[in-house]
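Note sheet for the following structure.
The values are calculated or read from the model by the stated rules, or taken from the named source; none is laboratory data. Since this is a predicted model, take the numbers as computed values, not measurements. Note: ideal-geometry Cβ built from the backbone for every residue, glycine included; neighbour counts use all protein chains shown. Heavy atoms of the whole protein, side chains included, go into the accessibility calculation; ligands, DNA and RNA do not. Shrake-Rupley method; radii C 1.70, N 1.55, O 1.52, S 1.80 Å.
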Amino acid sequence: MERLSEHFADAPSTFTTSPLYRELCATVADDRSILELLVECRHGQQPSFLLFGAVHYLLLSGADHPLRNFYPSLVGAAAAEPSAAGPFLKDFCARYRDELLDIVRTRLVQTNVVKRVFGLTFALTAIGARCDEPVHLVEVGASAGIHLLFDRYRYEIGGRTFGRRDASVTVETEWRGPTEPPDLDDVPAIASRIGVDLDPVDVTVDDERLWLRALVWPEDRRKAELLEAALEVVASDPPTMVKGDAIDVCPALGRSLPPGPRV
């Protein structure tokens, strides 16, 4: 309990784009009844992400409580001042304690950040410069598999555009290097795509997608829109997903792949 309290006391520095969660951290740090909920979580979970995700999930699911008035994801620009949200969170957690316990006991924090796909694409351009053959793409901690379909998106960086020009998902980022960005279209062909995760997300199920949406901070509406667009792409053609710990799964998975370069 002491460690959990310290975690929330230190957590505001994590929520750089969420004034609401920064305020709520102080409330949770001093409330034993809320902290007791998190004693039930599965091993290795980030407590503040899990709790706030669970609360957000119930609100997005339609929980009728005045706490919703503090969430830009629910009421837009009309959201109330975050500094007044603490008492409402306490009441919400008391009223929906059973529902929160069920989420905390069963769910995993599976934050899917679409922009991370840039890192994968850069890595593939480096591999492509050294390898002319198709590669096998294996993602550990794939969650919903949004990065496995990296070549279904359009990329905008440094004033240049790469990827599918007609894509429904556009990923934008800054380029701060002294040279031009590499050609992100110059990637090797993908021989196969496989995701490995402790609890793969079935993006064809609305409830599973809602959980991923709930893990996006309430003020980050652009990030939420980008995630929802990427999930639509994945749901239309889900990649192969393997459930299990990568330490156990990957050796056999590696042996099962045809000979050739692997990622």
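For segment 88-100, which residues satisfy the criterion of being assigned to a helix (DSSP H, G or I) and open to solvent by 30 Å² or more (accessible area, probe 1.4 Å)?
Matches in segment 88-100: 88, 90, 91, 94, 95, 97, 98, 99.
Take the conditions out of contact with any strand residue (DSSP E or B) (no Cβ under 9 Å at 6 or more places or on another chain) and buried (at least 21 other Cβ atoms within 10 Å of the Cβ) and apply them to residue 85. Does it pass?
Criteria met by residue 85.
Tell me, which residue of segment 169-211 that is charged (D, E, K, R), under 13 Å from residue 240 (Cα atoms) and touching a helix residue (DSSP H, G or I) at 6+ places or on another chain (Cβ under 9 Å) is surrounded by the fewest Cβ atoms within 10 Å (Cβ to Cβ)?
So the residue we want is 202.
Would you confirm, using the coordinates I've provided, whether residue 169 is at pLDDT 95 or above and among the aliphatic types (A, V, I, L, M)? Talk me through it step by step, then tell me what you get.
Details: at pLDDT 95 or above: yes; among the aliphatic types (A, V, I, L, M): yes.
Yes.
Between a first residue in segment 202-213 that is over 15 Å from residue 233 (Cβ atoms) and a second residue that is among the hydroxyl-bearing types (Ser, Thr, Tyr), which pairs have beta carbons less than 6 Å apart while being 6 or more apart in sequence or on different chains?
That search, which allows pairs on different chains as well, returns 211/57.
How many residues does segment 202-239 contain that are under 18 Å from residue 138 (Cα atoms), at pLDDT below 95 and either in a strand (DSSP E or B) or aliphatic (A, V, I, L, M) (or both)?
Number of matching residues: 0.
Find the residue count for segment 149-168, including only residues that are part of a loop (DSSP other than H, G, I, E, B), among the small types (Gly, Ala, Ser) and either in contact (Cβ under 8 Å) with a residue 40 or more places away in the chain or open to solvent by less than 70 Å² (accessible area, probe 1.4 Å) (or both).
Residues in segment 149-168 being part of a loop (DSSP other than H, G, I, E, B), among the small types (Gly, Ala, Ser) and either in contact (Cβ under 8 Å) with a residue 40 or more places away in the chain or open to solvent by less than 70 Å² (accessible area, probe 1.4 Å) (or both): 3 in total.
Going through segment 8-58 one residue at a time, which ones are in contact with a Pro (Cβ under 8 Å, 6 or more places away or on another chain) and open to solvent by 50 Å² or more (accessible area, probe 1.4 Å)?
Correct list: 19, 22, 23, 26.
Does segment 135-148 contain any residue that is open to solvent by 20 Å² or more (accessible area, probe 1.4 Å), over 17 Å from the mean Cα position of the chain (by Cα), of a type outside the set (A, V, I, L, M, F, W, C) and within 24 Å of residue 240 (Cα to Cα)?
no
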